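A.B. asks: Below are the structure tokens for one structure; questions will follow.
The values are calculated or read from the model by the stated rules, or taken from the named source; none is laboratory data. Being a predicted model, the structure only gives us computed values, none of them experimental. Counting neighbours? That spans all protein chains shown, and the Cβs are built from the backbone with ideal geometry, glycine included. Side chains are part of the model used for accessible areas, which takes the heavy atoms of the whole protein and leaves out ligands, DNA and RNA. Shrake-Rupley method; radii C 1.70, N 1.55, O 1.52, S 1.80 Å.
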Amino acid sequence: MNPPTLPHQASAPDEGGSPPPTPEDRRHVVKRRWITAIIIVLLIGVPAGYLAISTQQSRESGRDKAAKVGATTVRPGWPSKVQRSIYEVPIPASAWKVGFLETNNWRTSRLFTQFAVTPADLDAFLAAVGTSREALTPGDVTISPHDAETAGWSWSPRALWYGTSVEQDDPRPSRDITVDLTDPEKPKVYVVSTTTP
């Protein structure tokens, strides 16, 4: 005859069995969930935010570069200090209505600049490029029709034009300078500086 079966009993703790798990209290559950959420934000949110900012900056930089490369006429703004140094166009600091365009090909590089100045600044600019007001020839537009078309400049027959050219040996730039003295208190200066690499 078989012995009667007894219901299964859990082993006593001192017999090596593990005690039954105690339920986690609410405070620990909330704390664990907060830590998990913070880790997810740090691992996913921060890199995603950085990527979005980086993408936007890259897009804006690309637009700026495309605008500079794609420019086909003189546009408002100052050429960089490096450009002004390379092309030897020392635009007076107090000049206004400043605009520029740079063009490059395998033979020549040109910087087209325009700006308005005071009479004293005009004299200072001309001296800085190695010439003077006395060297300006009345009625002379020294900028070629091709360069004027490239820059988007036109020469009104009603304006009082004066011009001169400052030639230099390569690789230093040569500059064609045309000045509008219709309003002698606010001369407008147009310069094409050409370098041959």
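A.B. asks: Provide the solvent-accessible area of LYS31, counting protein heavy atoms only and rolling a 1.4 Å probe, rounded to the nearest 10 Å².
C.D. replies: Accessible area, nearest 10 Å²: 130 Å².
A.B. asks: Quote the FRET efficiency, to the nearest 0.05, computed for ASN105 versus THR131 with a Förster distance R0 of 22 Å and r equal to the Cβ-Cβ distance.
C.D. replies: Given R0 = 22 Å and the Cβ-Cβ separation, E is 0.20.
A.B. asks: Here is a follow-up. If ligands, DNA and RNA are left out, what is the accessible area of VAL98 with a 1.4 Å probe, given in Å² to the nearest 10?
C.D. replies: Its heavy atoms expose roughly 20 Å² to the probe.
A.B. asks: Next question, about the same structure. Residue by residue through region 90-99, which ³J(HN,Hα) values in whole Hz follow from phi under the Karplus form 6.51 cos²θ - 1.76 cosθ + 1.60 (θ = phi - 60°), with glycine and proline marked x?
C.D. replies: Residue by residue, region 90-99 yields x, 5, x, 4, 8, 5, 9, 6, 7, x Hz.
A.B. asks: Follow-up question, since we're still on this one. When the solvent-accessible surface of protein heavy atoms is calculated with a 1.4 angstrom probe, in what order do HIS146, HIS28 fall, highest first?
C.D. replies: HIS146, HIS28
A.B. asks: Take the Cβ-Cβ distance between TRP78 and ARG27 as r, set R0 to 41 Å, and report the resulting FRET efficiency rounded to the nearest 0.05.
C.D. replies: The formula returns an efficiency of 0.05 here.
A.B. asks: Tell me the accessible surface of SER154 in square angstrom (1.4 angstrom probe, heavy atoms of protein chains only), to the nearest ten.
C.D. replies: 100 Å²
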